[in-house]
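Notes to accompany the following structure.
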Amino acid sequence: MSPELSSAVEPAAPTGAGPVPVAEVRTQVTVPLRFADGYATTARVFTFDGLVDGREHLAFGLGDWRSSLDRSAADGPAPLVRPHSECLTGDVFGSQRCDCGPQLREAVQRIADRGGFLLYLRQEGRGIGLYAKLDAYALQDSGLDTYEANVALGRGEDERNYTAAAQMLHTLGVRRAALLSNNPDKAEQLGRLGVEITERIVTGVYLSSANARYLAAKAAHTGHTIELPLGG
């Protein structure tokens, strides 16, 4: 590890790091970000060695993330953290079949304002992959909801596992987190993996005619905190 890496963030020690294997920062670099609507900020982007699933997950340190760690260590407010699952169709191409792109845009600004981390997790389609996700879309067009479609493909309703996310947080020194997510499963998994969730903060609701059934299924089936209009 280079002097720059070790001086910017210390990897977590094995003791007290939660019930997950220890990972290490592989490299880190400053990246200016600019979104299509003109919003711009700067991120410190971290890569890792030793993640349990071997995937190339990224952590984005946003805003004054260093001070957020100091405040948390002194029992102050925890860093704001969003584990965001990769969605090529929504994040990059602006697909209206989900709410992923707008959630990502919102998360970056909110975390930059408060200080914390965006974890960009390479688990497309609730962990089933891009091609399988598009297969599931085809089944949804025939009447299945998003969870039923995954099962019809012989996959789990949601195959995402947040062990690597917990490793990343431990490595970055995040023991306590304010979680920016509508999904209670993220908080439950991270809590079991040794990350104290001090609060769960909901994101906006990005409803369109193309994703109404999708959002309704998430709210009804897995308890996502999504308030839809009556009849939505």
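The values are calculated or read from the model by the stated rules, or taken from the named source; none is laboratory data. Note that the structure is a prediction, hence the values are computed from the model and not measured. Neighbour counts are summed over all protein chains in view; Cβ atoms, including those assigned to glycine, are modelled from backbone coordinates with ideal geometry. Keep in mind that these areas ignore ligands, DNA and RNA; they rest on the heavy atoms of the full protein, side chains included. Shrake-Rupley method; radii C 1.70, N 1.55, O 1.52, S 1.80 Å.
Output the number of residues of the range 48-63 satisfying the condition of being open to solvent by 30 Å² or more (accessible area, probe 1.4 Å) and more than 15 Å from the chain's Cα centre (by Cα).
6
When you look at Arg122, is it over 17 Å from Asp185 (Cβ atoms) and touching a His at 6+ places or on another chain (Cβ under 8 Å), yes or no?
yes
Collect the residues in the range 125-159 that are crowded, with 19+ Cβ neighbours inside 10 Å and either under 13 Å from the mean Cα position of the chain (by Cα) or under 30 Å from Val25 (Cα atoms) (or both), keeping them in residue-number order.
Those that are crowded, with 19+ Cβ neighbours inside 10 Å and either under 13 Å from the mean Cα position of the chain (by Cα) or under 30 Å from Val25 (Cα atoms) (or both): Gly125, Arg126, Gly127, Ile128, Asp158.
Residue under question is Ala219, and the condition is that it be modelled with pLDDT under 95, in contact with a Leu (Cβ under 6 Å, 6 or more places away or on another chain) and assigned to a helix (DSSP H, G or I); does it hold?
no
Residue check: is Gln167 buried (at least 24 other Cβ atoms within 10 Å of the Cβ) and touching a residue at least 12 places away in the same chain (Cβ under 8 Å)?
yes
In the range 64-95, how many are of a type in the set (Val, Ile, Thr) and loosely packed, with under 13 Cβ neighbours inside 10 Å?
Matching residues across the range 64-95 total 1.
Out of all the residues in the range 177-189, which are of a type outside the set (A, V, I, L, M, F, W, C) and surrounded by fewer than 20 Cβ atoms within 10 Å (Cβ to Cβ)?
Selection gives Pro184, Asp185, Glu188, Gln189.
Are any residues in the range 1-36 open to solvent by 30 Å² or more (accessible area, probe 1.4 Å) and modelled with pLDDT of 95 or more, and if so, which ones?
Result: Glu24, Arg26, Thr27, Val29, Thr30, Val31, Pro32, Leu33, Arg34, Phe35.
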